[in-house]
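Visitor: Structure incoming, see below.
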Amino acid sequence: MRSDVVRLFQTLPHGCGYFAERTAQNLVIDPSAPQLPQLYDAAVQRGFRRAGGHVYHPQCLGCRACVACRVPVAQFECDRAQRRCLARNGDLSLRIVPAGYSEEYFALYQRYLKSRHRDGGMDDAQSDDFSRFLYTTWSPTRFLEFRSGERLVAIAVTDFCENGLSAVYTFFDPDESTRGLGTFAILSQIAIARERGLPHVYLGFWIEGHPKMDYKKRFRPLEIIDNGAWRLLEPA
């Protein structure tokens, strides 16, 4: 008889990727649980995140800076800067393709990491790191390919869940940084969710005031989890 009980594990303390002076811990759903693919959508709705085959939520001692956030698609409206970003990237083509490895994808991934995460432990990624981090056999992952003509300029790794899209990771050509491709990828995910009648785009974790994470509050309205329930993040 199969058990419906799913184990949760707490990781050992490790260095925080956002605050150098802090340590972090994650609560992880048992990655060997046979029902994990069925649980994933509900976990995303409860603020969990996926990295490779691990579905996790920060569970740090004395720190609650990481807050799950999502965009309610029906209420979202572009601001002036986002409309300019759309116009700036109007020449790009978008194709939704199955998640997978290719030399073209990996070359772009390496260039992005060397530019954005130099000496941060991610800039020496190997080919198996690409697959292990971005997708897994059971995840509902698709790649959003952005091309200028035939040239690949960005990939938005996206999980297509029943309740919305989950923005897992985006990497792009560092020589195209003036395009605002990170913003353009999120705007594209919102547009796809709207076309498919999906209510939310999940943006992972927001950290108020953090230079790498605070950009998410520019997508309005934005909902955050507060004591286990979603609520609108009020404007500052």
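Visitor: Filter the stretch 174-206 down to the residues that are over 17 Å from the mean Cα position of the chain (by Cα) and either surrounded by fewer than 20 Cβ atoms within 10 Å (Cβ to Cβ) or under 18 Å from ARG49 (Cα atoms) (or both) and list them by number. Steps first, answer last, please.
Guide: Of all residues in the stretch 174-206, those over 17 Å from the mean Cα position of the chain (by Cα) come to 174-179, 194-197.
Of everything in the stretch 174-206, those that are over 17 Å from the mean Cα position of the chain (by Cα) and either surrounded by fewer than 20 Cβ atoms within 10 Å (Cβ to Cβ) or under 18 Å from ARG49 (Cα atoms) (or both) turn out to be PRO174, ASP175, GLU176, SER177, THR178, ARG194, GLU195, ARG196, GLY197.
Visitor: Can you tell me how many residues within the stretch 48-57 are crowded, with 20+ Cβ neighbours inside 10 Å and either more than 13 Å from the chain's Cα centre (by Cα) or at positive phi (or both)?
Guide: Here the count works out to 0.
Visitor: Right, next: Sort through ALA42, ALA81 and tell me the only one that's in the same structural domain as THR183 (by TED's automatic domain parsing), modelled with pLDDT of 95 or more and surrounded by fewer than 15 Cβ atoms within 10 Å (Cβ to Cβ). So that I can check it myself, show each step before the final result.
Guide: Values: ALA42 fails: in the same structural domain as THR183 (by TED's automatic domain parsing).
Exactly one residue qualifies, and that residue is ALA81.
Visitor: Which ones in the stretch 63-77 are touching a residue at least 40 places away in the same chain (Cβ under 8 Å) and loosely packed, with under 15 Cβ neighbours inside 10 Å?
Guide: Passing the criteria: ALA74, GLN75, GLU77.
Visitor: Quick check on my filter: what residues within the stretch 1-47 are more than 21 Å from ARG64 (Cα to Cα), without any contact (Cβ under 8 Å) to a residue 12 or more places away in the chain and under 19 Å from the mean Cα position of the chain (by Cα)?
Guide: The answer is ALA42, and nothing else.
Visitor: Follow-up. Being among the charged types (D, E, K, R), at pLDDT 95 or above and surrounded by fewer than 16 Cβ atoms within 10 Å (Cβ to Cβ) is the filter here, so list the residues in the stretch 219-236 that pass it. Spell out how you get there, then give the answer.
Guide: Taking the stretch 219-236 and keeping what is among the charged types (D, E, K, R), we get 220, 223, 226, 231, 234.
When the remaining residues are screened for being at pLDDT 95 or above, the result is 220, 223, 231.
The one that is among the charged types (D, E, K, R), at pLDDT 95 or above and surrounded by fewer than 16 Cβ atoms within 10 Å (Cβ to Cβ): ARG231.
Visitor: Any idea which residue in the stretch 86-97 is surrounded by the fewest Cβ atoms within 10 Å (Cβ to Cβ), counting only those that are under 14 Å from ALA156 (Cβ atoms) and not polar (S, T, N, Q)?
Guide: ARG95
Visitor: Filter the strands (runs of 3 or more DSSP E) completely within the stretch 1-111 down to those with at least 3 residues that are within 30 Å of GLU176 (Cα to Cα). Show your work before the answer.
Guide: Values: elements: 8-10, 26-29, 49-51, 54-58, 67-72, 93-98.
Ranges flagged: 49-51, 67-72, 93-98.
Visitor: One residue is enough: does the stretch 5-24 have a residue meeting the conditions β-branched (Val, Ile, Thr) and crowded, with 16+ Cβ neighbours inside 10 Å?
Guide: No, the stretch 5-24 contains no residue that is β-branched (Val, Ile, Thr) and crowded, with 16+ Cβ neighbours inside 10 Å.
The values are calculated or read from the model by the stated rules, or taken from the named source; none is laboratory data. Computed from a predicted structure; not experimentally measured. Neighbour counts are summed over all protein chains in view; Cβ atoms, including those assigned to glycine, are modelled from backbone coordinates with ideal geometry.
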